[in-house]
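Undergrad: Following this message is one structure expressed as structure tokens.
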Amino acid sequence: MQTLAGKKILLGISGGIAAYKCAELTRRLIERGAEVQVVMTKAAKEFITPLTMQAVSGKPVSDSLLDPAAEASMGHIELAKWADLVLLAPATADLIARMAAGMGNDLLTTLVLATDAPVAVSPAMNQQMYRNVATQENIATLVRRGMAIWGPAAGEQACGDVGPGRMLEPMQLVEHCEQFFADKPLKGKSIAITAGPTREALDPVRYISNHSSGKMGFALAQAAQQLGADVTLIAGPVSLATPIGVKRVDVASAQQMHDVAMQHAPQHDVFIGCAAVADYRPQTVAEQKIKKTDDSDQMTITMVKNPDIIASVAALQTSRPFTVGFAAETQDVEHYARNKLAKKNLDLICANDVSLEGQGFNSNDNAITIYWKDGKQSLTLASKQQIATQIMATIAEKLEA
């Protein structure tokens, strides 16, 4: 499918091991109709040859700012004007630092300074280098200047470390390019999303919680932002990086999440309750750690109901946003989902069966059925990011209806 037909993508490759993925990336972009010109740094040529990139792109590779033949016609300026999108992949810590400093000491950084085209950066480096304060500040600088940051992924790295810093896979970058050039159906809309678990304290040491990782809610926030929305993410205690361009508010308990949600919901067009909020909390929280006693094998804790966040939002009489709930079920999914949809006066509800292996809590994949008053839409098993994009597209359609 020619989803990128007619689009001109300037692929800038810097010197990281992930450069080997750029041949596949280029081929996939061209398959979808894009025209690709490749620019390489000197270090990049140590990882993949210009001849390889010329073969897959079908165009000569540019690699020198001081090429007399190219610069006779101001070649770097022509390339800068040619691009619809500049994609830097892999973008090493060194390249990111040089761009943040505004340097133009090679062809690639000069092109970044000279182009009017949007610039997307796909970081790739050792996890400790990525976490370094200097790198984080440099990335923040690029974001402030309007550059898109795609990635990085986390996992095992070529050096043997495990953590964030892997360049996104070629098809993930292709999907980002497709989303970038696609219509922005949520442009001008504001969306508030809750994500992750809540923690209900028993004492200063212990709490009651659940298995929610927050991945689905964070994926929704990223998808909404990519589709043009202004996004506020209300996050329970999770170990996830904030999606680029998303405002984040951290909370711990259900009551805190309720208070923040009720503050933000009236200010947004859409509210999505994706968090796994505890239904109950301990009636009292011990001031000191509860000690185990030898004369009792049991502990009795009196629990009280937490406020129902999604129902409270849906019940707003003024400035009520389009309200979307989530239902994580283990049986009779449609029955419970439709009951919740009606009882809580929701506009949509997204339901999944968390008893199935490989989807739902702590998984990278999910399968969802979206229900509304007179219809439903099934989204088959896919990555949570893909599912999130489909959910946000459905919400956009409902807002336009």
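Undergrad: Keeping to segment 230-251, report how many residues are modelled with pLDDT of 95 or more and in contact with a Leu (Cβ under 8 Å, 6 or more places away or on another chain).
TA: Result for segment 230-251: 2.
Undergrad: I need the full set of residues from segment 214-244 which are farther than 15 Å from G188 by Cβ and open to solvent by 20 Å² or more (accessible area, probe 1.4 Å), in order please.
TA: Residues satisfying the conditions are K215, Q222, P237, V238, S239, L240, A241, T242, I244.
Undergrad: Determine whether segment 325-334 contains at least one residue that is in the same structural domain as Y371 (by the TED database), free of Cβ contacts under 8 Å to residues at least 12 places away in the same chain, under 24 Å from S378 (Cα atoms) and open to solvent by less than 100 Å² (accessible area, probe 1.4 Å). Write out each step before concluding.
TA: Narrowing segment 325-334 to residues in the same structural domain as Y371 (by the TED database): 325-334.
Checking which are free of Cβ contacts under 8 Å to residues at least 12 places away in the same chain leaves us with 332.
Remaining after also requiring under 24 Å from S378 (Cα atoms): 332.
Next cut, open to solvent by less than 100 Å² (accessible area, probe 1.4 Å) only: 332.
Yes, segment 325-334 contains a residue that is in the same structural domain as Y371 (by the TED database), free of Cβ contacts under 8 Å to residues at least 12 places away in the same chain, under 24 Å from S378 (Cα atoms) and open to solvent by less than 100 Å² (accessible area, probe 1.4 Å).
Undergrad: What pairs come up if the first residue lies in segment 290-310 and is over 28 Å from V324 (Cβ atoms) and of a type outside the set (D, E), the second is at pLDDT 85 or above and exposed (fewer than 13 other Cβ atoms within 10 Å of the Cβ), and their beta carbons are under 6 Å apart, counting only those six or more places apart or on different chains?
TA: Sorted first by the residue in segment 290-310, then by its partner, the pairs are T302/Q283.
Undergrad: Select from segment 370-389 the residues that are under 17 Å from A275 (Cα atoms) and β-branched (V, I, T) and write down the one among them that is surrounded by the most Cβ atoms within 10 Å (Cβ to Cβ).
TA: Checking each candidate, the answer is I387.
Undergrad: Could you give me the residue pairs with C-beta distances under 7 Å whose first residue belongs to segment 161-186 and is in contact (Cβ under 8 Å) with a residue 60 or more places away in the chain, whose second residue is open to solvent by 50 Å² or more (accessible area, probe 1.4 Å) and part of a strand (DSSP E or B) wherever it lies, and which are 6+ apart or on separate chains?
TA: Correct list of pairs: P164/A154; R166/A154.
Undergrad: Just checking, which of A342, A311 is of a type in the set (G, A, S) and open to solvent by 70 Å² or more (accessible area, probe 1.4 Å)?
TA: Values: A311 fails: open to solvent by 70 Å² or more (accessible area, probe 1.4 Å).
Being of a type in the set (G, A, S) and open to solvent by 70 Å² or more (accessible area, probe 1.4 Å) holds for just one of A342, A311, which is A342.
Undergrad: Could we say that P197 is of a type outside the set (D, E, K, R), closer than 30 Å to Q283 by Cα and not assigned by the TED database to the domain that holds P90 here? I'd like the intermediate steps shown before the answer.
TA: Numbers: of a type outside the set (D, E, K, R): yes; closer than 30 Å to Q283 by Cα: yes; not assigned by the TED database to the domain that holds P90: yes.
The answer is yes for P197.
Undergrad: Something else: Answer yes or no as to whether Q37 is assigned by the TED database to the domain that holds N105, open to solvent by 20 Å² or more (accessible area, probe 1.4 Å) and of a type in the set (S, T, N, Q). Spell out how you get there, then give the answer.
TA: Working: assigned by the TED database to the domain that holds N105: yes; open to solvent by 20 Å² or more (accessible area, probe 1.4 Å): yes; of a type in the set (S, T, N, Q): yes.
So Q37 passes the test.
Undergrad: Can you name the residue in segment 348-369 that is farther than 15 Å from G214 by Cβ and either hydroxyl-bearing (S, T, Y) or not assigned by the TED database to the domain that holds D230 (or both) and is also least open to solvent (accessible area, probe 1.4 Å) among such residues?
TA: Top of the filtered list is T369.
Undergrad: In segment 245-290, which residues are surrounded by 14 or more Cβ atoms within 10 Å (Cβ to Cβ) and either polar (S, T, N, Q) or outside the structural domain of Q317 (by the TED database) (or both)?
TA: Selection gives S253, Q255, Q256.
The values are calculated or read from the model by the stated rules, or taken from the named source; none is laboratory data. Here the structure is a predicted model, which is why all the values come from computation and not from measurement. Don't worry about glycine lacking a Cβ; one is built from the backbone with ideal geometry, like all the others, and counts go over all protein chains shown. Each accessible area value is taken on the protein alone, full model and side chains, heavy atoms only, with ligands, DNA and RNA left out. Shrake-Rupley method; radii C 1.70, N 1.55, O 1.52, S 1.80 Å.
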